[in-house]
Every structure is written in C-alpha cells, then in structure tokens.
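Notes for the one structure printed next.
The values are calculated or read from the model by the stated rules, or taken from the named source; none is laboratory data. Fair warning: this is a prediction, and the values are worked out from it, not measured in the lab. Please note: Cβ atoms are built from the backbone with ideal geometry, for glycine as well, and neighbour counts cover all protein chains shown. Accessible surface areas use protein heavy atoms only, side chains included; no ligands, DNA or RNA. Shrake-Rupley method; radii C 1.70, N 1.55, O 1.52, S 1.80 Å.
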Amino acid sequence: MRETLVFQGILTLIGIAFVVAGIGYLSTSTPLGIFGTVGGLLIIAGAVKIAVRNKRAQERR
C-alpha cells in the first residue's frame, strides 16, 4: 500500500507541474497551454481515482 501512495504522490506532483507549465504557456501559445493544463488535470484525476478505488477496496476487506 505504501508503494501505491508514493506512486500516487509522484503522479500528483507531475500533474501539478504540467498544470503550472500549461498556465505559463497560455500567454505565449494557447493550444500548448491548454494541452498542458488539461493533461496535468487528467494525471491528477487519475491519481485521485486510483486512491479512491484502493481505499474502497481496503474497506471491503
């Protein structure tokens, strides 16, 4: 379980980095900024989804 939490934390940090970079690129290249921001949000959403699924699976045991 601990390895999963570390992996989710790393994914969340990568997602935050993409969001920040995407916001920075919005002023110079709008499509690139949007892709970066949306990609980062998708990575964060995936990490949260995995965390919720693992927590529910753990509660069932």
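Scanning segment 1-35 for residues that are assigned to a helix (DSSP H, G or I), more than 29 Å from ALA57 (Cβ to Cβ) and not hydroxyl-bearing (Ser, Thr, Tyr) returns VAL20, ALA21, GLY22, ILE23, GLY24, PRO31, LEU32, GLY33, ILE34, PHE35. Restricting to segment 26-61, name every residue that is of a type in the set (Val, Ile, Thr) and either touching a residue at least 60 places away in the same chain (Cβ under 8 Å) or under 20 Å from LEU5 (Cβ atoms) (or both). If the condition is that a residue be of a type in the set (Val, Ile, Thr) and either touching a residue at least 60 places away in the same chain (Cβ under 8 Å) or under 20 Å from LEU5 (Cβ atoms) (or both), then ILE43, ILE44, VAL48, ILE50, VAL52 are the ones that fit. What single numbered condition from (1) of a type in the set (Val, Ile, Thr); (2) at pLDDT 85 or above; (3) open to solvent by less than 100 Å² (accessible area, probe 1.4 Å) fails to hold for THR28? Only one criterion in (1) of a type in the set (Val, Ile, Thr); (2) at pLDDT 85 or above; (3) open to solvent by less than 100 Å² (accessible area, probe 1.4 Å) is unmet by THR28, namely (3).
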